[in-house]
Amino acid sequence: MAKLIKDISKTQKKINSSLIEKALGAKKIGIKIDTRKAPISLFELRQFLIEKLISSGGRPKLDGAAKRRNKIPLLEDDWDKLKSIAEYYKKKDGINVSPGQLASAIVHSFISHIDIAKDGFSESNIKT
Amino acid sequence: MVDDMFDIVETSLVEIVGADQEASMQQLTLYIPNKDKKDVIWEKTTILYTYIKTDNFLNNLKFLRIFLHRFGRETNQGEVVFEFDGRFFRIFDFDENDTL
């Protein structure tokens with residue numbers, strides 16, 4: 001049977017975020033990101049949106065977005081989160097971004113780290 | 001269930017790799033803008049990621065507060081932001097002076 005390693009190392013004590021809020025005189029925003037997987041942050045996402053959203057009179061457009069509208073199926077919970085994040089950016093930072101544009105930014109953030117050779121898509125050509 | 005598909009091998013990676021302390025689980029991220037600003041102008045920032053040593057971090061929190069609030073005051077930031085353990089924090093009201 002295949003083996004799965006389970007790390008049972010002792011870990012440092014965890015600090016409650018409310019203590020950080022009080023000790024540093026900060027306000028906690030009600031969004032949490034799992035940083036164990038990658039240090040992607042809402043702040044970096046916000047920076048990307050600030051740079052890429054172009055005002056055209058109506059809703060800002062994402063610079064470089066394809067003219068063709070792509071249909072990408074999303075999980076219901078994911079769509080709800082995207083709507084919440086878009087609403088947060090609009091209310092707190094005045095960034096008028098749609099949930100779809102947010103999804104586009106997040107997809108780009110991930111895919112931009114994948115390099116595919118011009119001559120084809122094969123396991124030997126994929127570099128990450 | 002995963003446990004039914006695999007033989008679970010429990011081991012302490014800290015001991016195996018010879019790490020000198022327990023694994024850290026929480027990460028602090030600081031965002032340092034590269035110039036003073038008064039208005040809300042978004043610009044490139046230096047982002048520092050660090051895992052923390054819990055006891056040292058707790059014992060020195062007051063110094064981190066002094067740094068963050070002084071940074072906000074002296075460089076005319078509209079706000080100072082940081083992340084801790086995946087949670088995003090904002091400091092709008094800066095201490096009037098360094099307090100311990």
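Structure notes:
- Cβ neighbours within 10 Å from other chains - mean over B:65-75: 1
- Per residue of B:76-87, other chain Cβ atoms within 10 Å of the residue Cβ number 5 on average.
- Computed from label points 7 Å out along Cα-Cβ, the spacing between A:Ala66 and A:Thr11 is 3.9 nm.
- Protection proxy ranking for A:1-14, B:68-81, A:67-80, using the average of other Cβ atoms within 10 Å per residue and placing the highest first: B:68-81, A:1-14, A:67-80.
- Label point 7 Å beyond Cα of B:Val17 along Cβ direction - residues of region B:60-100 with amide nitrogen under 20 Å: B:85-86
- Across A:Lys13/A:Lys91; A:Lys81/B:Lys62; A:Lys22/A:Lys81; A:Lys27/A:Lys83; A:Lys10/A:Lys91; A:Lys10/B:Lys62, pairs whose alpha-carbon gap is larger than 32 Å: A:Lys13/A:Lys91; A:Lys81/B:Lys62; A:Lys10/A:Lys91
- Note on A:Glu76 and A:Asn96: with the Förster distance fixed at 22 Å, the Cβ-Cβ geometry gives a FRET efficiency of about 0.35.
- In this assembly, the A-B interface accounts for approximately 4400 Å² of buried accessible surface in total, computed with a 1.4 Å probe and without ligands, DNA or RNA.
- For the residues of B:48-59, the average number of beta carbons from a partner chain within 10 Å of their own beta carbon is 2.
The values are calculated or read from the model by the stated rules, or taken from the named source; none is laboratory data. A quick note: this is a predicted structure, and the numbers were derived from the prediction, not measured. When we count neighbours, we look across all protein chains shown, and the Cβ atoms used for this are built from the backbone with ideal geometry, even at glycine. Accessible surface is based on the protein model in full, side chains and every heavy atom, while ligands, DNA and RNA are left aside. Shrake-Rupley method; radii C 1.70, N 1.55, O 1.52, S 1.80 Å.
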